[in-house]
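**Q** The structure under discussion is supplied below as structure tokens; questions concerning it will follow.
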């Protein structure tokens, strides 16, 4: 292990998370219970709408697709520039992903969705890439015109407020967040789903607990339903009290953590904008953005290769977000559309380290090694 290695991403944890976990362990109720309900209530206040906590962002997507009534061989439109979990959630229900292209900021583009596909699709998943929220007005308008459900994969953008201060102040259908180890807040593993419809909210609460009707209310009291009824497929997808305890501490520290992420993003942008003829930061400076990753586009592929070599030589981790889903063997059979922007972003991008524990010295080191390749 290299002690001075600069990590690409990591959790930011401390004594507050440890104390909350100890309290949860001391209660000896470790599954979904009163601590998870407390975390859920705090999420409700923060987001301004009902949140259903689950054990991963992938589970959030699967459950959202189910309440959107997506089933076997239904078509779901999804950008290929996303982590493969987004596509796996679709195929988990036996549905068919139709991969569409993105714009050069990494957001889904409606431009290559044909009228025929608009009539066939059951749902569409948008991805708020890198922590930059996608403006949803046109997608929601288009989807409602075509009777298509809209699921926002907001795994990257928890805390971002470009278009409103809370979900309750903007239009949406279903929004899924991830709280895994490297997200904007973490529960180690976890996520949540927000549904505009109260009917969807009730279904989500049931199907995360194996479909047992009304079981969430009993679990909030650290008890169970002993004469269960199930009316649809359910999943063991609930969030544990132990994971929720981490989330409580993280929410309380979120302002501090997000301020640091913004400061790092601004430092990167202010330095890199001077090289705008040779590269482009995807994330703009905007107070509402909480950067999750920090991808930049390098126009010259030889320079990109040299940067990767220099980073490795100096023990700086970097990322490539993301290997396009349509190129994966499992998904390559689904559609053969031309995804030129998706391919371009992957081929030309590199992600710089982004996490709360990066020091100013780390940032200077990263930027010095990166920019010297352009001299």
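**Q** With the structure loaded, tell me whether residue 242 is assigned by TED's automatic domain parsing to the domain that holds residue 148 and either at positive phi or without any contact (Cβ under 8 Å) to a residue 40 or more places away in the chain (or both) or whether it fails that test.
**A** When the stated conditions are applied, residue 242 does not pass them.
**Q** Does segment 243-266 contain any residue that is within 20 Å of the chain's Cα centre (by Cα), at pLDDT below 95 and either assigned to a loop (DSSP other than H, G, I, E, B) or closer than 17 Å to residue 36 by Cβ (or both)?
**A** no
**Q** Could you check segment 28-55 and list, in sequence order, the residues that are assigned to a loop (DSSP other than H, G, I, E, B), on the phi < 0 side of the Ramachandran plot and surrounded by fewer than 24 Cβ atoms within 10 Å (Cβ to Cβ)?
**A** Hits for segment 28-55 are 29, 30, 31, 33, 49, 50, 55.
Conditions (1) surrounded by 15 or more Cβ atoms within 10 Å (Cβ to Cβ); (2) closer than 26 Å to residue 262 by Cβ; (3) not assigned by TED's automatic domain parsing to the domain that holds residue 82, marked per residue:
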| position | (1), (2), (3) |
| --- | --- |
| 300 | no, no, yes |
| 315 | no, yes, yes |
| 337 | yes, no, yes |
| 340 | no, no, yes |
| 350 | yes, yes, yes |
| 354 | yes, yes, yes |
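**Q** In this structure, is residue 76 within 23 Å of residue 233 (Cβ to Cβ), assigned by TED's automatic domain parsing to the domain that holds residue 123, outside any helix (DSSP H, G or I) and touching a helix residue (DSSP H, G or I) at 6+ places or on another chain (Cβ under 7 Å)?
**A** Yes, satisfied.
**Q** Identify, please: which residue in segment 91-106 is in contact (Cβ under 8 Å) with a residue 60 or more places away in the chain and in a loop (DSSP other than H, G, I, E, B) and is, among those, surrounded by the fewest Cβ atoms within 10 Å (Cβ to Cβ)?
**A** If we take residues in segment 91-106 being in contact (Cβ under 8 Å) with a residue 60 or more places away in the chain and in a loop (DSSP other than H, G, I, E, B), then 104 is surrounded by the fewest Cβ atoms within 10 Å (Cβ to Cβ).
**Q** Suppose the filter is within 15 Å of residue 36 (Cβ to Cβ) and modelled with pLDDT of 95 or more; does residue 217 pass it? If you could, list the steps in order and put the result at the bottom.
**A** On the way: within 15 Å of residue 36 (Cβ to Cβ): yes; modelled with pLDDT of 95 or more: no.
Criteria not met by residue 217.
**Q** Just checking, does segment 107-127 include any residue being under 16 Å from the mean Cα position of the chain (by Cα), buried (at least 22 other Cβ atoms within 10 Å of the Cβ) and at positive phi?
**A** no
The values are calculated or read from the model by the stated rules, or taken from the named source; none is laboratory data. Quick caveat, the model's predicted, so the values are computed rather than measured. Note that we place each Cβ from the backbone using ideal geometry, even for glycine, and neighbour counts take in every protein chain shown.
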